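Undergrad: Here you go, one structure.
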Amino acid sequence: MIYSFLDNHSSTLKHVNEKLSTPAEVKSKTVHLLLYTKSSSDHSILLSEIESAKLAYHTYPLPDAIQPRLVLKGIPPNVPEGDVRTGLIALNLSVVRISQLTKTDRATSTVLTKYPIFIITFAPGTDMRKVLQIRKLCHCIITWEKFKNSRPVRQCFNCQSFGHSSNFCGKPPKCVKCDQSHATKDCIKPVGSLPKCVNCGVDHPANFSGCPRYQQQLHYNQRTASHKLHQTRAPKPTSLPHRYQQANFPVLQTPHPPPVRHKHGLTLQRNRRTYRTNFSVPHLTP
């Protein structure tokens, strides 16, 4: 996504598409452009062109670059993260990062409590079915759970916008404590002064979950998820299509069976109440 229109739209895209194996697809929105590529190589070339032009943008990780995460439970809290990493590497698993859930004193940054919960980030392409089959680690019986972010709305730590990550953001930085264009670590706001949200302009930090813009994005995500769930669980039609209705089939004609011939020349016609005989009945006179 590019957060501006191109000065020379046609000539610029023509120049970029000449470097791609397949031309990029472009969708125009209100104040930005959406660009789609067909391959990871084209994505890298297009991203390099956008960065060289110094355009504000954000993108998303490619499917083959996503780092899956799982929650590991069952290991005592006093086991170091290094031992967990060593045990996973011994099982031929590539681990990117291990984080243990802790409770920390904000004033002194001292760890008060360690919880027996570890968040494991694996390398891209890791076979998660193989990971889920692991039942013992560090001499303990373990369980795996799906990782769920504590914040249902993704927010960028760089520009404070919603819907993307700071790892794939090319916009100018915005402070989370004030509405100035600088990184949060470089903020010189006096201690005790009121913060100001860069998204709505109200006196609260930009990552406040009660922010009107945050609530708007949250409701949008919930409506989108509910719509997708409704589509996947849509009931199948119970009535047959029109061309398969029973009234359109021809009426079946049941053929009559051939007559059965018995002894003494008596012929019996099935399903009929008529009989015929070859015997002559004498005429009786009074």
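Undergrad: TRP144 is checked against (1) surrounded by fewer than 15 Cβ atoms within 10 Å (Cβ to Cβ); (2) closer than 15 Å to VAL71 by Cβ and fails just one. What number does that condition carry?
TA: (1)
Undergrad: Shifting gears a bit: Does LYS177 fit the bill of being farther than 30 Å from MET128 by Cα, touching a Lys or Arg at 6+ places or on another chain (Cβ under 8 Å) and at pLDDT 90 or above?
TA: Yes, satisfied.
Undergrad: Taking strands (runs of 3 or more DSSP E) that do not extend beyond segment 1-113, which have at least 3 residues that are closer than 30 Å to CYS138 by Cα?
TA: Qualifying strands (runs of 3 or more DSSP E): 69-73, 95-105.
Undergrad: Anything in segment 123-135 that is over 11 Å from LEU72 (Cα atoms) and either in contact with a strand residue (DSSP E or B) (Cβ under 7 Å, 6 or more places away or on another chain) or open to solvent by 100 Å² or more (accessible area, probe 1.4 Å) (or both)? List them, or say none.
TA: ALA123, ARG129, GLN133
Undergrad: Do you know which of the residues in segment 24-63 that are without any contact (Cβ under 8 Å) to a residue 24 or more places away in the chain and under 30 Å from GLU145 (Cβ atoms) is most open to solvent (accessible area, probe 1.4 Å)?
TA: PRO63
Undergrad: Contact list please: Cβ distance under 6 Å, first residue in segment 2-16 and under 12 Å from LEU33 (Cα atoms), second residue of a type in the set (Gly, Ala, Ser), pairs at least six apart or on different chains.
TA: TYR3/ALA56
Residue by residue, here is whether (1) more than 23 Å from TYR60 (Cβ to Cβ); (2) open to solvent by 30 Å² or more (accessible area, probe 1.4 Å); (3) of a type in the set (Lys, Arg) holds:
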{"residue": "ARG154", "(1), (2), (3)": "no, yes, yes"}
{"residue": "GLN160", "(1), (2), (3)": "no, no, no"}
{"residue": "LYS171", "(1), (2), (3)": "no, yes, yes"}
{"residue": "LYS177", "(1), (2), (3)": "yes, yes, yes"}
{"residue": "ASP186", "(1), (2), (3)": "yes, yes, no"}
{"residue": "CYS200", "(1), (2), (3)": "yes, yes, no"}
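To keep it simple, each residue is scored yes or no on (1) open to solvent by 70 Å² or more (accessible area, probe 1.4 Å); (2) among the polar types (S, T, N, Q); (3) modelled with pLDDT of 90 or more.
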| position | (1), (2), (3) |
| --- | --- |
| ASN8 | yes, yes, no |
| THR12 | no, yes, no |
| ALA65 | no, no, no |
| GLY74 | no, no, yes |
| ALA90 | yes, no, yes |
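The values are calculated or read from the model by the stated rules, or taken from the named source; none is laboratory data. Keep in mind that this is a model prediction, so the values were computed, not measured. Counting neighbours? That spans all protein chains shown, and the Cβs are built from the backbone with ideal geometry, glycine included. What goes into the accessible areas is simple: the full protein's heavy atoms, side chains included, and nothing from ligands, DNA or RNA. Shrake-Rupley method; radii C 1.70, N 1.55, O 1.52, S 1.80 Å.
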